[in-house]
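Can you keep this structure in mind? I'll have questions shortly.
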Amino acid sequence: MRIHFIAIGGSAMHNLAIALHKKGYQVTGSDDAIFEPSQSRLDKYGLLPAKMGWDEARISSDLDAVILGMHALTDNPELLKAQEMGIKIYSYPEYIYEQTKDKLRVVIGGSHGKTTITSMILHVLNYYKKDFDYLVGAQLAGFDTMVKITNEAPLIVIEGDEYLASPIDRRPKFHLYKANLAVISGIAWDHINVFKTYADYTLQFELFIDTIVPGGKLVYCSADKDLEKIVKESKADVQKIGYEIPDHVVKNGISYLLPDETPLKVFGDHNLMNINAAKLICSELGIDYKQFDIAIGSFTGAAKRLELLRNSDETSVYKDFAHSPSKLKATVDAVKAQFPNRKLVACIELHTFSSLNKDFLVQYADTMATADTAIVYIDEKTFQHKRLEPFSKEDVQMAFKRADLLFFDNSERLKEYFYRVNFYRTNLLLMSSGNFGGVDLVNLARELNTVEQGI
């Protein structure tokens, strides 16, 4: 099989390219720019394009298929040539289904927790040496790539994103996988550049339920009342299994699953609910609850999800991918609840198109209410790049409903602030899908002042 990737540098795209290369396919690709870690990974497998840019000469009649990434435009010369020649063009979720239509497909959907639930399932399956394929949205410890596709594995676990499949296929990705077992972790409005209203966004999850194979099973968070209503009203021929927070206790900053008091390396109500979703799916895959609890005790979390940068008796510094309102609130509340005797300084970088939209900003109301100090950072260049109207400090304070909220649009001034604060008996939570203007967060965490006053 000869496969060509248009926009091969994307996170999922380059991992799928590597997976097909490992499967023995002849893979080529193109892109106008490729960044790390995609560049090094493609280079390692001899898949890095010799030069950047688009060239219709790369499209020839001996190609079996073209896989089109979301980064490409509809007037891409390679895409136009493939269309003219009648070559089969897939989005990457379409091609994942094409490769796995004879397997059991487990699809994890939801506005938040998708990566973590998928990662938990993969961790437990790996712990018991099960044979499985996968597609996940983060690099996981013990896994070489984020996509694995083989002929032999009887099942695949897929993180099901609700964003669009490709520039020429405007369906959400998770509609294309046709799950046998599915999860919906919760619904909170996102991607407002595509789904203009909350009703339009929730409709995608209603339609997702309809894509589950008849007789399949849906595991869903029954604590989400909007989701509960959607599931109850669905006429799809699926078994519906609700979940909430499992029984647990917290001792000295560590959460324990009951009844056996299994110590966990992750914490927070949102992660505990993620554990219950993963447990229900794993039970469908032949791993009983006791076996699951044993395995999940060694799960350290997905990359950039409450990643511990510094830890001492009196101070912890976490980095997290949280950026949407629901993720932000869940993460802030989790850290505060886990360490009730410490103050919490929480800092969010607003970076995505949705979060920088003034009409959407009000969705962040009260999301940082439990933080002792709330900080919002926006790189001053971001508005220019995205051609959006900048926010003022007053805009942000009003939207978050915190008059004492601190606002920074310069990374150096943000760093200076952190260096002035004494973090003794205080945790720092840094949240972003960006990079805080290039700040070295590991070095920042290491250099913070944590000395007790008067010593």
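Bin width 5 Å, alpha-carbon pairs only: give the P(r) of the range 88-146 as whole percents, running from 0 to the bin holding the largest distance.
So the P(r) values, bin by bin, are 4, 15, 26, 24, 21, 8, 2, 1.
Still on this structure, please answer the following. Which residues does the label zone of Glu56 cover in the range 69-88, counting backbone N under 15 Å from a point 7 Å along Cα→Cβ?
74-87
Let me ask another. Once you keep just the Cα pairs under 8 angstrom separated by 6 or more residues, what percentage relative contact order results for the chain?
Relative CO of the chain lands at 11 percent.
Of the trypsin sites (Lys or Arg not before Pro) in the range 349-394, which ones lie in a loop per DSSP and count no more than 16 other C-beta atoms within 10 Å?
Arg387
Same structure again: List, in order, the whole-Hz ³J(HN,Hα) value for each residue of the range 119-131 obtained from phi through the Karplus relation with A = 6.51, B = -1.76, C = 1.60 and θ = phi - 60°; use x for Gly and Pro.
5, 5, 4, 4, 4, 5, 4, 5, 4, 9, 6, 6, 9
Run the numbers on the range 2-87 and let me know its relative contact order in percent, using alpha-carbon pairs under 8 Å that are six or more apart.
Rounded, it is 37 percent for the range 2-87.
Right, next: Treating cross-link reach as a plain straight distance, find the aspartates and glutamates whose alpha-carbon is under 18 Å from the alpha-carbon of Lys129, omitting any fewer than eight places away in the same chain.
Asp144, Glu152, Glu284, Asp288, Asp293
Could you tell me what % of all Cα pairs in the range 355-455 have separations over 16 Å?
Value for the range 355-455: 62 percent of Cα pairs lie more than 16 Å apart.
What order, most packed first, do the peptides 310-319, 412-421 have when packing is the mean number of other Cβ atoms within 10 Å of each residue?
So the peptides 310-319, 412-421, ranked by packing, come out 310-319, 412-421.
For labels at Tyr198 and Ala337 in the simple 7 Å Cα→Cβ model, what's the distance in nm?
Result: 2.2 nm between the two label points.
Let me ask something else about it. Could you tally the net charge around Asp379, taking each other residue with its Cβ under 11 Å from the Cβ of Asp379, Lys/Arg +1 and Asp/Glu -1?
Residues close to Asp379 contribute a combined charge of -1.
Now for a different question. Using bins 10 angstrom wide from zero, how does P(r) for the chain break down, in % of all Cα pairs?
4, 19, 29, 28, 16, 4, 0, 0
Just to check I understand the Karplus step: with θ = phi - 60° and J = 6.51 cos²θ - 1.76 cosθ + 1.60, what whole-Hz values come out for the range 2-19, glycine and proline as x?
Karplus-based 3J(HN,Hα) across the range 2-19 equals 10, 10, 10, 9, 9, 6, 6, x, x, 4, 6, 4, 5, 5, 5, 4, 5, 4 Hz.
Follow-up question, since we're still on this one. Using 5 Å bins from zero, what percent of all Cα-Cα pairs in the range 95-296 falls into each bin?
1, 7, 16, 20, 21, 16, 11, 6, 2, 0, 0
Any idea what Rg and Dmax come out to for the range 233-365 if you just take the C-alpha atoms, in Å?
17.2, 52
How far apart, in nm, are two points set 7 Å out from the Cα along the Cα-to-Cβ line at Glu36 and at Lys358?
Using points 7 Å along Cα→Cβ, the separation is 3.8 nm.
Each reported figure results from applying straightforward, stated rules to the coordinates on display, with no laboratory input. Everything numeric in this text was worked out from a predicted model, so none of it was measured. Cβ coordinates were reconstructed from backbone atoms using ideal geometry, including for glycine residues, and neighbour counts include every protein chain displayed.
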